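Colleague: Okay, handing you the structure first.
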Amino acid sequence: MNILFFGPNGSGKGTQGAILKDKYNTPHIESGAIFRENIGKGTELGAQAKAYIDKGDLVPDEITIPMILDRLKQDDCKNGWLLDGFPRNKNQAIKLDEALKEAGMALDIVVEILLDREIAKNRIMGRRLCVNDNNHPNNIYIDAIKPDGDKCRVCGGDLKTRDDDQDEAAINKRHNIYYDTTEGTLASAYYFKDLAGAGLKYITLDGAPSVKEVTAELVSKLD
Ligand SMILES: Nc1ncnc2c1ncn2[C@@H]1O[C@H](COP(=O)(O)OP(=O)(O)O)[C@@H](O)[C@H]1O
């Protein structure tokens, strides 16, 4: 299965993407993770991308598009892939569509998580990480997982915040790109939505409920 996954920062896209990856046993290709890996290894690509990422901008298409299209040609993608974080603008969507047609490949599923922008921002800014286990869910803005005072609600451990979670300007910048329905990431999702029907299944999920409820909706809509 060839799958695209869309969701704003704060929508739990990474969590739901892992469900899809396991269900279809495909590689989970995350454009941001590829950039971070290259930055970590000190590659030329990493050096080029870092300047843009640090400013909260998108890495230019002439860098990003060939990087992702090359990745989709690798052997492990033969039986399908889950692409997460690409396309992120209309031009990337058009180039992906052209490359798929050229390779005689087709998209099978597009998943879009719907989440109000303010809720998404609060989830990011309200996130608290337990020093004992980052997976202990604590968020000061979500009643269901409010911390126990200033301690982890699961184990009572100390809580910390991720620096980039508190940079409201950077969060707004990323959300401006995501929620832009003319040239931004939602424009790229809708580009494929308009193609839906020709064997392409477009699934929307309500991102507001709990992780478990979003997963249940996702699984019910895939079968
Ligand atoms: N498709 C893309 N096009 C251009 N830049 C990208 C793309 N995907 C990721 N990036 C860059 O990598 C950074 C990290 O991406 P990601 O891990 O998805 O985090 P976030 O969702 O917080 O932006 C992005 O902020 C952007 O600068």
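Every read-out reported here was derived from the displayed coordinates using simple, explicitly stated rules and does not represent laboratory data. Since we're looking at a predicted model, the values are computed, not measured. Cβ sites come from the backbone with ideal geometry, for glycine too, and all protein chains shown count toward neighbours.
Colleague: Over all alpha-carbon pairs in the stretch 48-181, figure out the percentage whose distance exceeds 24 Å. Kindly include the intermediate steps, with their values, before the conclusion.
Modeller: Working: 4365 of 8911 pairs.
Looking at the stretch 48-181, the distances longer than 24 Å represent 49 percent of pairs.
Colleague: Still on this model: Do any cysteines in the chain lack another Cys Cβ under 4.7 Å, and if so which?
Modeller: Isolated Cys, the chain: C77, C155.
Colleague: While we're looking at this one, here's another question. 222 nm [θ] for the chain, helices only, -39500 (n - 2.57) per DSSP H run of 4+, per residue, to 500?
Modeller: The helix contribution divided over the chain gives -14000 deg cm²/dmol.
Colleague: Tell me the label-point distance for the pair A106, E37, using the 7 Å Cα-to-Cβ offset, in nm and rounded to one decimal.
Modeller: Taking the simple label geometry, A106 and E37 are separated by 2.9 nm.
Colleague: Once the Cα gyration tensor of the stretch 1-62 is diagonalised, what are the square roots of 5 times its eigenvalues, in whole Å and ordered largest first, as equivalent ellipsoid semi-axes?
Modeller: 25, 14, 10
Colleague: For L195 and K55 in the same chain, what is the full-extension length gain: residue separation times 0.36 nm, less their Cα-Cα distance, in nm? Walk me through the intermediate numbers first.
Modeller: Values: separation 140, 0.36 × 140 = 50.40 nm, distance 3.34 nm.
Fully extending the segment from L195 to K55 adds 47.1 nm.
Colleague: Given charges of +1 on the Cβ of Lys and Arg and -1 on the Cβ of Asp and Glu, with all other atoms neutral, how large is the dipole of the stretch 39-184 about its Cα centre, in debye to the nearest 20? Please list the in-between numbers first.
Modeller: Working: 22 positive and 28 negative charges, 60 e Å.
With Lys and Arg at +1 and Asp and Glu at -1, about 280 debye.
Colleague: Quick one: grab the alpha carbon gyration tensor of the stretch 120-223, order the square roots of its eigenvalues as a ≥ b ≥ c, and give me rounded if a/c is under 1.5, else prolate or oblate depending on whether a/b is larger than b/c. Please list the in-between numbers first.
Modeller: Details: a/c = 3.54, a/b = 1.66, b/c = 2.13.
Oblate is the answer for the stretch 120-223, as a/c is 1.5 or above yet b/c matches or exceeds a/b.
Colleague: Work through the residues other than A170 whose Cβ is under 12 Å from its Cβ and net out their charges, Lys, Arg +1 and Asp, Glu -1. Mind dumping the intermediate values first?
Modeller: Values: positive: K55, K121, R162, K173, R174; negative: D54, D57, D163, D164, D165, D167, E168.
The answer is -2.
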